[in-house]
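So the structure is just underneath, and the comments pick up after that.
The values are calculated or read from the model by the stated rules, or taken from the named source; none is laboratory data. None of the values given here were measured: they were computed from a predicted structure. Backbone-built Cβ (ideal geometry, glycine too); neighbour counts: all protein chains shown.
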């Protein structure tokens, strides 16, 4: 399977239209008693709005961390759900197109994901699968949760935040004698959601490190917040950008990147996921349904924002 790619000038809604017509999506919606998007009235935004409302049936987070998702497949048709997830691009990792990228972004998140993504990006670089001027680590001052410390202890035993973990991973996989130049705005110890960090370390490639400020005081910074911080800090117009994430999150994080980085800055966005066997976490059917809801919400945000500007 090829990587997810959005090119400058390309219709950003074409991929959403195609995705909404996939039989696997219709099968999943009907499986849970819903009405397939093709049968809903209105245009693209109206159909996505109805689908997003229905997708609450798959929501196990209820605004909490992904670590709080209650994984219970006992009442679910697991094989059918996983087959549909594969058809919807949530299991295949995607093969990097290659060549030179202006920026390669390693997306933050839970400890197991951060570790797998960093190691995967470093291995692809070492193999010559791509080159990049800058490798950028996007995270926040989010405090690590109890379920993350066991993995983080192996490579960053003294870290307590996501951004510190990302820095430790960057140093482990991209060793250099060059020092980090770090700027912190705010009080991360007292108010981590309103603090941010920008860091840079010279070398080939150059490394950049970010901890984003949340746009919503009721939650930690999300993927969109990290994209916006990165975009404000670099020269992004016309750039070629590679995103490295986990396979299950690739579709929704790609759509968010198209909305925030691709369309406004006329940049090429390419997204790959770590192969499932490298993910260090087993994703059950419940988790795939949760992230299916994330795709729907990201698609709705892209369509709503793009149509408002037309």
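Side notes on the structure shown:
- Residue check for residue 260: surrounded by 20 or more Cβ atoms within 10 Å (Cβ to Cβ), in contact with a helix residue (DSSP H, G or I) (Cβ under 9 Å, 6 or more places away or on another chain), farther than 22 Å from residue 141 by Cβ and at pLDDT 95 or above: no
- Comparison of 232, 266, 280 shows that the only residue that is free of Cβ contacts under 8 Å to residues at least 60 places away in the same chain, surrounded by fewer than 23 Cβ atoms within 10 Å (Cβ to Cβ) and closer than 26 Å to residue 130 by Cβ is 232.
- The condition of being modelled with pLDDT of 95 or more and farther than 18 Å from residue 105 by Cα holds for only one of 267, 214, that being 214.
- Of all residues in the range 189-207 being touching a residue at least 40 places away in the same chain (Cβ under 8 Å) and more than 16 Å from residue 225 (Cα to Cα), the one that is nearest to the chain's Cα centre (by Cα): 207
- Single match in 203, 186 (criterion: more than 29 Å from residue 123 (Cα to Cα), surrounded by 12 or more Cβ atoms within 10 Å (Cβ to Cβ) and either modelled with pLDDT under 95 or in contact with a helix residue (DSSP H, G or I) (Cβ under 6 Å, 6 or more places away or on another chain) (or both)): 186
- Spans of strands (runs of 3 or more DSSP E) in the range 165-248 with at least 1 residues within 30 Å of residue 288 (Cα to Cα): 206-211, 240-246
- Yes/no for residue 238 being more than 21 Å from residue 115 (Cβ to Cβ) and surrounded by 23 or more Cβ atoms within 10 Å (Cβ to Cβ): no
- Count of the range 74-92 residues which are part of a loop (DSSP other than H, G, I, E, B) and within 20 Å of the chain's Cα centre (by Cα): 5
- Reported count of residues in the range 95-128, each being closer than 29 Å to residue 159 by Cβ and assigned to a loop (DSSP other than H, G, I, E, B), is 5.
- When the range 1-18 is filtered for residues that are assigned to a loop (DSSP other than H, G, I, E, B) and either touching a residue at least 40 places away in the same chain (Cβ under 8 Å) or in contact with a strand residue (DSSP E or B) (Cβ under 6 Å, 6 or more places away or on another chain) (or both), the ones remaining, listed by number, are 1, 3, 7, 8, 9, 12, 13.
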